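The values are calculated or read from the model by the stated rules, or taken from the named source; none is laboratory data. Computed from a predicted model, the values in this text were never measured in an experiment. What goes into the accessible areas is simple: the full protein's heavy atoms, side chains included, and nothing from ligands, DNA or RNA. Shrake-Rupley method; radii C 1.70, N 1.55, O 1.52, S 1.80 Å.
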Amino acid sequence: MDREVNWKKAEEFAAGMGSLSRGGFNPYGPWAQAIQESKWFNRVIGEWNFWGIKAPKWWHGKKVEVLTHEWVNSKLDICFANNCPRFGKEEHQHKIKRKELFVDFNNIGHAMRFYANRIARLYPAAWKNRGVVNLFFDGLQSGRWKWATDPVYADSLKRLYMQVYNDKEHKEVLEPRFREYIMAIHGELMEGKA
């Protein structure tokens, strides 16, 4: 693969994915999203924010201030301040840099629970399709809330998913973990039927 991956952080992430798998997520969805948001696990926010989750107003836990890139609908002041070549012309989207507060978590389990609860609460189409990767990605950008301001975010995740899914190195890290979770889930289901 042409990217440098922080395999230590990738392993920590993979080790915490059991709760997501038991919750019906196809593990490749959150995995690809974490790669996208953390730049191949090299820019995890704080210790455990793999997905670039901004701090809600009600958040009283750890916060980390980060310079981020956002896509915004053009306004004259934004275009003027950023020397936009289309200043004063039709409305368009514009990429800007700004500081934002992001959450951090106490541990990987806390991060996974928060992520799953956030999907369930704010992204109903993604939650409904959490087991089908491409539909899950579309669900992150449909509805009232959008995971990212990038207008092609879902398409970027789909391309990344295919790249990761076909990469031998990622499979060596993920496949054994996924088998463990599938067996654990299968075992729990079988115990529940007995």
Run the accessible area of the stretch 126-169 with a 1.4 Å probe and give the carbon-and-sulfur part as a rounded percent.
-> 53
Sorting VAL132, VAL64 on solvent-accessible surface, 1.4 Å probe, most exposed first, gives VAL132, VAL64
Would you kindly derive the ³J(HN,Hα) couplings of the stretch 127-144 from the backbone phi angles with the Karplus curve 6.51 cos²θ - 1.76 cosθ + 1.60 (θ = phi - 60°), listing them in order in whole Hz, with x for Gly and Pro?
-> 4, 4, 10, 5, x, 10, 3, 5, 5, 4, 4, 4, x, 5, 10, 10, x, 5
Give the ranking of THR68, THR149 by solvent-accessible surface, highest area first, calculated with a 1.4 Å probe.
-> THR149, THR68
